[in-house]
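Following: one structure in structure tokens, then a few remarks.
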């Protein structure tokens, strides 16, 4: 296919290049590139990123990512020139100057696809294009002559989607004991000949099988804490007994993860044990996520019918194209390209999911095609459900899906269970939370082009049929007026709160700012103060707010009773769809009533004696010096207490596994952070060391001559290290402010050397896509914070250097202070830091062929933290110049270490 004769523009940190229709490419300054793009639509790739590089936020043009999303919805592509070229089978650009020609070639291929007889995603394209043409989508004119009107009317999105079907409840699983030979036989079938070579994996698999045995007593599950070093192969290690148990018992195994990346990996690996579909068309493996991850078809319909305007309306059309071809409707980490939302601003994606609990369940015209309902029903009959820690805990805490509650659970990334429990069992009485509740009860304050919202609208028929229910709905609506409304935060800032909840939030804000001792130096961070020593006037406001919440909870409870009565003695008009809708409303009511009760308890305890099980504080949440929430926070001092009660005790067998469960040789941390201490039976403890030769594959370099707080020196160190390694570096920061400062100083310098640099909190790209870009280009480097310290799997040459800017000390928050005091003081801090270091080091060596250095830019790295690294990894305290030599030699494949590296001192 010949290159398209449209002009093309490429901008990177290394400069700008323009290519006109006569096939001539030239370098250009930013000003000239901006003028050219403003004068004539140019082919570009990732408009928000190009706009950032040019410093011109109003940039527009013919974005090839938008065209790709239209032509190939639900197909993966790395959103870079190289990634696009690989996806389309055209030549990769060898330099920035080659990119405009690549963009022209890519556009030619994509447009030619629309005329091909074998275009797999043709159906629906013509209809979508008609809408996009009315919206003046930049690509509409180029596509108009290529996509012919079909001879028969196309099946539109909602007609194409299949309906889910109800299935009978799955019988209880049979009690099954798994013998070692059977487990190892299954493992051999999944791994092939490698099973004989990986003794650690074999031992791990046998240990994991013990958790699938029938439990001896109620409330006493089999619990296995299994540390498996990187390279053990723990995924197939636990999938072997899981698949065998499911096959023999007829039960369902739940695998719980912390990151979406591992969920994708598990979906792929599970294909070794289960087919894509069973002979009856059902799915043996199902991925489950929270409702907020899935496309809401009713929200999409609202958007398509005028609820979105401008660029957001174009996004809705492209999402509709995707929805017709998606595997499961997962918008967050599924097969919707992560970069699509950033092309149109991520809020558009969020508004198409069910984030506010506004689902009308069976009252929705698309209920039988709902992705969320389909996933829930599919999981009820699945052999394997791949979920996340939060969903497993939330369902258990709310008592949901009781008939399908997991009895065998594998918590992969088990070192994050504590964090997930900490969030799940928290109580947060904040402005943002209460305004969401107000919207759920009353509906939006502004007129909406879409469906009616609010409790009275969703249950209008119930209210008219049952007088008591109608009175309860009216009373709840009236009581909800006491909750914060639109503009609440501005009123707090102006000192004009309205209503008892806003008044208590205003008191929270005043108290926090009054007690702040930072002098305003940390404006980029939130502020907090202990919920202690509060004035009498504050306590009076808190009691008034508590009474207002109770005033709302009471009619919701009465409504719940009436709904239960209606389902037990249904009227003639209540069909199966109406019953399902009422059941959904009861479910929503139950957890909101519990939420209100938790808020009341939180307010009631203010001013009283402290509860030793909880930590309470007042907080003003800020980001980039902008306030976005105010309220009162409550956390369990030990969140594993409620976790053990609602998750572990009802289960029969639980495996908690990770490469970093324990602290060195000490299992105490794993026991503390797993909930195992709060159940009757003692857990099994197993550890399997990584098979990697860390002595020859990796080294830890502690650089001792970078002055703390010297941003210029820090930036120079990062630039020189990345240059020495030729890219392939993952830079980890403990503060966003320092990350941005370093990126701003070194990005242009590296680009001129042909070393692309990407960064969280700088580039307008979601984290998952940033990792995809990094993985795809061995010369690229990536800077980030906590999200990149764990769960990033980039094996091979693409990641050969990890650089940490300093020791990852815990942030001294009120919650951390309380847990530190209860957990042993500085020893508690050390355990956290060693875990973070171990997780970060784990990014470096992912396979037997990996080589690289782990560099910490800290002059005062405590020796007691060195046990975080694998025992075979050599550690050196050296200068930056020596580190640069080591990194350069490693990048060149030269191993010229003279003498033994220093011991772990």
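The values are calculated or read from the model by the stated rules, or taken from the named source; none is laboratory data. Quick caveat, the model's predicted, so the values are computed rather than measured. For neighbour counting, all protein chains shown are included, and Cβ atoms are generated from backbone atoms with ideal geometry for every residue, glycine included.
Quick notes
- Test set (1) without any contact (Cβ under 8 Å) to a residue 60 or more places away in the chain; (2) more than 18 Å from the chain's Cα centre (by Cα) - residue 784 fails condition number: (2)
- Counting only helices (runs of 4 or more DSSP H) that sit wholly inside region 674-773, those with at least 2 residues that are over 27 Å from the mean Cα position of the chain (by Cα) and closer than 21 Å to residue 842 by Cβ are 694-697, 711-725.
- Neighbours by Cβ (under 7 Å, 6+ apart or cross-chain): first from region 196-218, at positive phi; second modelled with pLDDT of 95 or more and crowded, with 20+ Cβ neighbours inside 10 Å: none
- Scan of region 382-406 for residues that are outside any helix (DSSP H, G or I), at pLDDT below 90 and under 25 Å from residue 243 (Cβ atoms), ordered by number: 401, 405, 406
- For the residues 880, 865, the requirement of being closer than 30 Å to residue 419 by Cα and touching a helix residue (DSSP H, G or I) at 6+ places or on another chain (Cβ under 7 Å) singles out 865.
- Residue match in region 113-120 (condition: surrounded by 13 or more Cβ atoms within 10 Å (Cβ to Cβ), within 33 Å of the chain's Cα centre (by Cα) and closer than 20 Å to residue 323 by Cβ): yes
- You will find that of 336, 352, the residue that is touching a residue at least 60 places away in the same chain (Cβ under 8 Å), closer than 25 Å to residue 772 by Cβ and in contact with a strand residue (DSSP E or B) (Cβ under 9 Å, 6 or more places away or on another chain) is 336 and no other.
- Unique match (being in contact with a helix residue (DSSP H, G or I) (Cβ under 7 Å, 6 or more places away or on another chain) and under 27 Å from residue 715 (Cβ atoms)) among 856, 807: 807
- Criterion (closer than 18 Å to residue 105 by Cβ and either assigned to a loop (DSSP other than H, G, I, E, B) or in the same structural domain as residue 127 (by TED's automatic domain parsing) (or both)) met by exactly one of 77, 35: 77
- Failed item in (1) closer than 23 Å to residue 60 by Cα; (2) within 35 Å of the chain's Cα centre (by Cα); (3) assigned to a helix (DSSP H, G or I), with residue 184 passing the rest: (1)
- Region 260-277, residues that are free of Cβ contacts under 8 Å to residues at least 24 places away in the same chain and in a helix (DSSP H, G or I): 268, 271
- Meets criteria (over 26 Å from residue 872 (Cβ atoms), surrounded by fewer than 23 Cβ atoms within 10 Å (Cβ to Cβ) and in the same structural domain as residue 677 (by TED's automatic domain parsing)) for residue 184: yes
- Residue within region 700-710 that is surrounded by fewer than 20 Cβ atoms within 10 Å (Cβ to Cβ), free of Cβ contacts under 8 Å to residues at least 12 places away in the same chain and farther than 30 Å from residue 654 by Cβ present: yes
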